[in-house]
Structures are given as structure tokens and as C-alpha cells.
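This report concerns only the one structure given below.
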Amino acid sequence: MPTVSVGRDRLNSHYLSALLNLNLTAQEQFEELCFDFGIELDDVTTEKAIIRKEKNLDDEEGGEDEEVIYKIEVPANRYDLLCLEGIAQSLRVFNGQEDNPTYKLANISKESMIKMHVKPETSLIRPHIVCAVLRGVAFNEASYNSFIDLQDKLHQNICRRRTLVAIGTHDLDTLQAPFTYEALPPSSINFVPLKQVKNFRADELMEFYKSDLKLKKFLHIIENSPVFPVLYDHNRTVLSLPPIINGAHSAITLKTKNVFIECTATDLTKAKIVLNTIVTAFSAYCERKFEIEPVEVLYSDGNSHVYPDLLIYNMDVSLLYVNSYAGLSLEAKEVTDLLKRMQLNAEQSKSDNITVSVPPTRSDILHPCDVVEDVAIAYGYNNIPMRKHIPTSEPVSLKPLALNEFTELIRLEIAMIGFTEVLTFVLGSWKENFPMLRCKDDKSKAVVIANPRSSDFELVRTSLMPGILKTVNNNKDHPKPIKIFEVGDVVLLDEKTDVGARNHCQLAALYCGATSGLELIHGLVDRIMGAVGASWVPIGDNTGYFIETSDDPEFLPGRQASIIYKGKHIGIFGILHPEVLNNFDIPDPCSYVELNVESLL
């Protein structure tokens with residue numbers, strides 16, 4: 001989950017001075033408050049300690065003048081908590097210090113609104129744009145840094161490294177409206193980029209930033225496109241070249257008073273969420289607190305939209321639903337009071353329903369179950385009474401899935417035989433998944449990761465075998481025999497599904513010792529099949545299971561067999577090929593079985 005670093009002194013003096021009975025330097029109190037709200041105080045450090053850690057320097061005792069930094073872990077879908085402003089606002093409301101803020105658009109006519117004209121060519125690369133203005137902003141160094149840091153956090157999180165949304169912020173007083181959003185050949189775009197003094201063509205800029213550690217990872221998003229997205233003001237001054245860099249002309253500073261915010265995107269919904277997150281968090285610094293000036297976006301087909309969209313939408317939730325899923329017995333008034341602590345205004349409607357008003361800051365509220373979660377947080381998870389027996393009238397979702405129950409029974413059965421369970425990474429390298437197993441990649445199985453952080457995590461595993469063998473390699477000095485197993489998912493490409501891939505629950509077990517132990521793995525197969533009630537039948541009989549000769553490259557020829565159950569191939573077992581063992585640096589012979597668990601249900 002994302003971690004937000006905030007200065008303790010700033011959090012205390014500017015936002016939470018009255019939050020605690022004692023001074024906020026009482027770390028235990030603040031940690032307890034975070035826990036109650038559903039976030040976590042992950043670490044307490046200093047700026048110098050962070051720098052020393054990044055440079056792998058020896059720890060030194062911090063001086064009294066070093067600012068203490070709280071590193072707070074927040075839920076991945078709570079974008080409003082990705083900055084100090086959002087955290088402090090939420091904690092103040094949670095603690096009853098103030099009411100939920102009301103965000104509003106400036107009362108100006110459409111004719112007076114700043115206009116953003118969108119050219120049709122943008123549909124070829126980044127078709128959407130949303131904009132807003134913050135007027136009369138009063139930045140200091142800390143709030144300015146927080147403003148920049150929030151954009152970075154959003155880019156890494158919901159924006160998916162700028163592939164879905166790219167944020168641009170500009171000093172409006174240096175620009176002349178109206179603005180245009182265009183898509184032009186890179187050779188026709190010229191401007192001075194942020195933190196530079198030289199004028200660059202857009203294609204030259206791509207080459208220039210290939211050596212930039214921060215920006216080079218975003219170049220792939222547009223560099224192969226025949227047109228690049230670009231924003232101009234009325235004087236043809238370039239605002240930005242999204243999603244790469246802003247122009248130097250409109251760079252914001254501590255003296256900036258009016259901020260123009262634009263978000264270009266391939267996903268309009270996420271662009272709206274990003275824009276709302278920024279303007280709601282930093283409209284607190286505006287001269288007119290919590291007021292945002294709208295911008296009209298005009299398309300070439302005649303359509304127009306006004307952003308930001310700060311509409312509050314209502315969700316009806318049954319009181320019975322809340323109580324049954326949260327395990328509580330609350331009155332409607334109690335539920336509405338708890339929701340107000342979570343920045344959700346609510347009131348009782350007819351028929352014991354509760355109408356919840358979801359503000360623009362809470363994009364994570366998508367379903368009544370999200371409302372129940374907030375009720376449980378505000379009530380306190382530790383305060384929810386334990387139940388010894390679950391009545392039959394309880395929601396069916398409280399019952400475990402059949403597959404989960406079944407895999408638990410399988411795990412127990414194998415553990416009782418003397419095997420130890422392991423848990424390995426779902427992501428792996430292409431080399432381990434194919435060449436090291438003596439397999440060929442026909443591009444029909446593996447789900448490949450776009451822009452992997454390292455070669456160790458290039459694709460989603462198609463077999464549990466690489467992880468099992470790496471576990472043996474890391475424990476090869478362990479006394480023999482090694483008997484391990486894993487129950488986990490593999491992912492295979494499947495064009496029939498809406499996402500193009502499908503999860504398959506697999507069981508794998510391995511025996512490694514002085515001898516191959518093939519008879520033990522064969523016995524394990526029989527034990528599992530017997531436990532699920534499958535009987536041994538002659539080859540060709542589809543009422544039970546049987547084994548037949550196989551020819552998979554991972555195993556020794558003549559020492560492997562396919563497992564056939566009710567006429568379907570569900571797995572394979574045998575002695576692993578010496579070349580495979582050598583690839584994983586395992587000196588001892590091994591036998592291995594892998595089968596599909598879902599086929600046994």
C-alpha cells in the first residue's frame with residue numbers, strides 16, 4: 001500500500017494541534033489514532049536518516065534539530081489520503097473537530113469560464129482532458145512540496161505511471177486563455193521544457209530524456225506515435241507535452257496565486273478522480289476556502305463538459321444490510337453518526353434505509369459493502385462483538401468458497417503425509433519459466449508484464465515448478481529428503497474471458513533425496529485421488545482416474561506419466577530431467593507432481 005511521509009511538527013502545529021489530549025509527540029497516541037481510522041504509522045524517522053539509508057551509509061544518531069518524519073501507510077484506493085492535507089482533514093473530521101467540508105464550484109457563467117478546445121486528432125493518442133483552476137492560493141514551502149508530492153503519488157498509483165492519466169499544473173497568470181489541446185507531429189512542436197533554458201523540438205526531447213533517470217521511463221508511452229499530445233494557450237505558448245514534461249514558461253512557484261490544473265488521459269473516469277483529488281485537497285489554501293473555478297472543455301463535434309465534477313451522489317443502504325455484514329445491532333442514528341466521522345453525510349430515509357451522500361473525495365465508495373466497511377472502522381473493529389455461532393440467516397458471503405474449503409482439506413491431507421508447505425512468487429522470469437524447464441515459449445500461455453521493474457518479474461507463472469525448484473536450490477544444504485508442496489494459482493492466456501487470461505488453482509509437490517523417490521510421488525497422487533473419492537480405473541474408463549505415458553520435456557523420458565480423471569488430463573508426475581535440475585543448481589534427483597485442483601471439485 002502507498003506510504004505518505006509527513007513532518008510531525010507540521011502535522012501537529014498546522015493541522016492537529018487540538019487532536020490529542022497530550023502533545024502529538026506522544027507517538028503511541030498518534031499510532032493508536034491511525035489504527036482506529038484504518039491507516040498505519042509504518043515508521044518514524046528523519047530526513048537525514050532517509051538520505052543515509054538511500055546511500056547505504058552507516059546510521060548516526062540524529063540531532064535535536066532534525067525534523068521527525070512520520071511514514072503513514074494508507075489504503076491503495078484512498079487517493080484523498082495521499083497527502084498531509086487529506087490525512088489531516090480526514091482525522092479532524094474523524095475526531096469530531098469539524099464537520100465535513102463542502103466543496104463548491106465558483107459561481108460564474110459559462111461565458112466567463114476559461115475554455116479548453118480539444119482538437120479531433122487527440123483521439124489518436126490521449127483523447128480525454130479535464131481541467132480546473134484554484135484561485136488565490138497561498139503556498140508556503142511545505143504546502144508547495146506537498147502539492148508536488150501528491151502529483152507524484154497519483155502518477156505512481158491511479159495514473160499507472162502516467163499511462164492512464166498525466167497531470168500538469170501551471171501558473172495561470174503567465175498564460176493567456178483560451179487553451180487548445182492538440183496532437184501534432186513531434187517535429188512541429190517546439191518549446192522550453194521545465195528546468196531547461198534551451199528550446200527543444202519534441203522529437204529531440206525524446207532523445208534528450210533517454211538519459212534522464214526519472215523521465216526516461218515515461219517516454220515509451222508516446223515516442224512511437226506519429227503525433228504527440230500538446231497543450232497551447234492563446235499565444236501558442238506550450239503548457240505541456242503530456243505525459244512527459246511541462247513547459248518552463250508556466251512553471252508554478254511559491255509566488256503562484258492562481259493554479260491551472262489539466263489532466264490528459266486515456267481513461268476519463270480516472271482523470272476525473274485525479275482532478276477531484278487534487279482540487280479538493282488544495283482548495284483549503286484558496287482565498288475562498290473549498291471553492292474551485294470550473295473550466296469548460298469543448299470538443300470539435302460540438303459537445304462540451306464542465307470540470308471538475310463535484311456532484312455528490314446518493315446511495316441507499318439497508319440498515320439490515322449494514323448490521324448483518326458488520327456483525328452489529330445499531331440504530332439508524334448510530335449508523336449515520338458513524339458515517340459522518342468517515343466524511344460520509346447520511347440520513348435515515350423510509351423503510352429503515354439509510355441514504356448516504358458520497359462526496360467527490362471518496363471515489364472508493366462504489367458499493368454498499370464499502371459503506372459497511374466505513375461503519376465498522378468508525379465503530380472500531382476491536383469493539384465488534386465476537387460470535388460463537390453464525391446463524392443460518394447470515395449473508396452467504398460469510399461462508400468460504402467451495403474451492404477455498406477444498407484446498408484447505410488438500411493442504412491438511414498432504415501435510416499429514418509429511419510434506420512441508422511453501423509459498424512462492426506468482427511473478428517470475430521468462431528464462432525460469434521456459435528455457436530452464438526445457439520448454440518452448442509459443443506465446444500462447446504466458447501473461448507478460450509490461451515494463452517489468454526487473455527481469456525476475458517478467459511474466460505471471462504458468463507452472464508452480466520454477467518456484468518449487470528455486471526453493472530447493474535455496475535449501476539444498478538442508479538435510480535430505482526434502483519434501484515440499486504448494487497450492488497456488490497459475491495464470492494462462494484465455495481469449496474467451498473478458499480480461500484475456502484465466503487463473504487456475506494448481507497443486508505441486510516435490511521429493512528430493514538420495515534417490516528420486518518416484519514411488520513416493522506416485523503414492524501421493526494415489527492418496528490425493530483417494531481422498532477426493534476418485535477410484536482407480538482401467539485406461540479409457542471415464543468414471544475414475546488412471547495414468548498413461550507422457551512425453552513432457554521437464555521430465556525423464558520413460559519416467560513420467562499423465563494423470564487422467566474423468567476423461568480429462570489434469571496433471572503430470574515423474575522424475576525431473578537432469579538438465580532441468582542442473583539449470584537450477586540442484587545436485588540431487590527429484591520427483592515432482594503438478595495437477596489442477598479445480599478439476600477435482
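Details
- Per residue value of the accessible surface for segment 402-599 (all protein chains in place, 1.4 Å probe), Å²: 52
- In segment 266-350, a dipole from Cβ-located charges (positive for Lys and Arg, negative for Asp and Glu) runs towards its positive end, and of A271, N303, Y325 it is Y325 whose Cα lies farthest in that direction.
- Over the chain, relative contact order from alpha-carbon pairs under 8 Å, at least 6 apart, %: 11
- DSSP bridge pairs, segment 104-307: antiparallel proportion in percent, nearest 5: 75
- Accessible area of K210 (1.4 Å probe, protein heavy atoms only, ligands and nucleic acids ignored): about 100 Å².
- For segment 417-545, Kirkwood radius (reciprocal of mean inverse C-alpha pair distance, Å): 16.7
- FRET efficiency for the pair N503 and D337, taken as 1/(1 + (r/R0)^6) with r the Cβ-Cβ distance and R0 = 45 Å, rounds to 0.65.
- Accessible surface ranking that places the most exposed of K272, K198 first, with a 1.4 angstrom probe: K198, K272
- Of all beta bridges that DSSP places with both ends in the chain, some 90 percent have antiparallel geometry.
- Simple label model, 7 Å out from Cα along Cβ direction - R411 to S187, nm: 6.1
- 0 to 90° range, to nearest 10: angle between helix 465-474 axis and the chain longest Cα axis: 90
- Debye, to nearest 20: dipole size of segment 515-580, +1 on Lys, Arg Cβ, -1 on Asp, Glu Cβ: 260
- Fraction of C-alpha pairs exceeding 20 angstrom in segment 172-229: 31 percent, rounded to a whole number.
- Residues of type lysines that K255 reaches as a straight line, Cα spacing below 20 Å, ignoring anything fewer than 8 places off in the same chain: K195, K289
- For segment 104-307, the relative contact order is 41 percent, taking Cα pairs closer than 8 Å that sit 6 or more residues apart in sequence and dividing their mean separation by the residue count.
- Structure-based [θ]222 nm, the chain - -39500 (n - 2.57) summed over DSSP H runs of at least 4, per residue, nearest 500: -7500 deg cm²/dmol
- Using a probe of 1.4 Å on the protein chains alone, the accessible area found for L344 is around 0 Å².
- Coupling constants for segment 379-385 follow from the phi torsions by the Karplus curve (6.51 cos²θ - 1.76 cosθ + 1.60, θ = phi - 60°), and in residue order they are 5, x, 4, 6, 8, 6, x Hz; glycine and proline get x.
- Acute angle (nearest 10 degrees) that the helix 141-156 long axis makes with the longest principal axis of the chain, alpha-carbon atoms: 40
- Chain lengthening between A248 and C369 when straightened (0.36 nm per residue, less Cα-Cα): 39.0 nm
- Treating r as the C-beta distance of N353 and E73 and R0 as 35 Å, the FRET efficiency rounds to 0.50.
- Label-to-label distance for H220 and L268 is 2.9 nm, based on points extended 7 Å past Cα in the beta-carbon direction.
- Carbon + sulfur, % of accessible area of the chain - ligands and nucleic acids excluded, 1.4 Å: 50
- Pairwise FRET efficiency - R527 versus R559, Cβ, R0 = 30 Å, nearest 0.05: 0.90
- For E204, the solvent-accessible surface with a 1.4 Å probe is about 80 Å², rounded to the nearest 10.
- The Rg/Rh ratio for the chain, using Cα coordinates for both the radius of gyration and the Kirkwood hydrodynamic radius, is 1.03.
- Debye, to nearest 20: dipole size of the chain, +1 on Lys, Arg Cβ, -1 on Asp, Glu Cβ: 1220
- The order of E334, E408, E594 by accessible area, most exposed first and with a 1.4 Å probe, is E408, E334, E594.
- Each residue of segment 73-79 was assigned a 3J(HN,Hα) from its phi angle through the Karplus expression (A = 6.51, B = -1.76, C = 1.60, θ = phi - 60°), giving 8, 10, x, 5, 9, 9, 5 Hz with x at Gly and Pro.
- Tilt relative to the chain, helix 402-417 - C-alpha long axis, 0 to 90 degrees, to 10: 50
- Within straight-line cross-link reach of K350, lysines at Cα separation under 29 Å, skipping those fewer than 8 residues along the same chain: K104, K333, K340
- Between R438 and E495, residue separation times 0.36 nm minus the direct Cα-Cα distance comes to 17.9 nm.
- Spacing of the two label points (7 Å from each Cα toward its C-beta) at A450 and N382, in nm: 4.4
- The 1.4 Å probe gives accessible areas that order I547, I114, largest first, as I547, I114.
- Between amide H atoms placed 1.01 Å from N, distances below 5 Å from L310 occur with no residue 5 or more places distant or on a separate chain.
- On the principal axes of its alpha carbon atoms, segment 137-284 extends 41, 31, 28 Å, with the longest extent given first.
The values are calculated or read from the model by the stated rules, or taken from the named source; none is laboratory data. Here the structure is a predicted model, which is why all the values come from computation and not from measurement. Note: ideal-geometry Cβ built from the backbone for every residue, glycine included; neighbour counts use all protein chains shown. Keep in mind that these areas ignore ligands, DNA and RNA; they rest on the heavy atoms of the full protein, side chains included. Shrake-Rupley method; radii C 1.70, N 1.55, O 1.52, S 1.80 Å.
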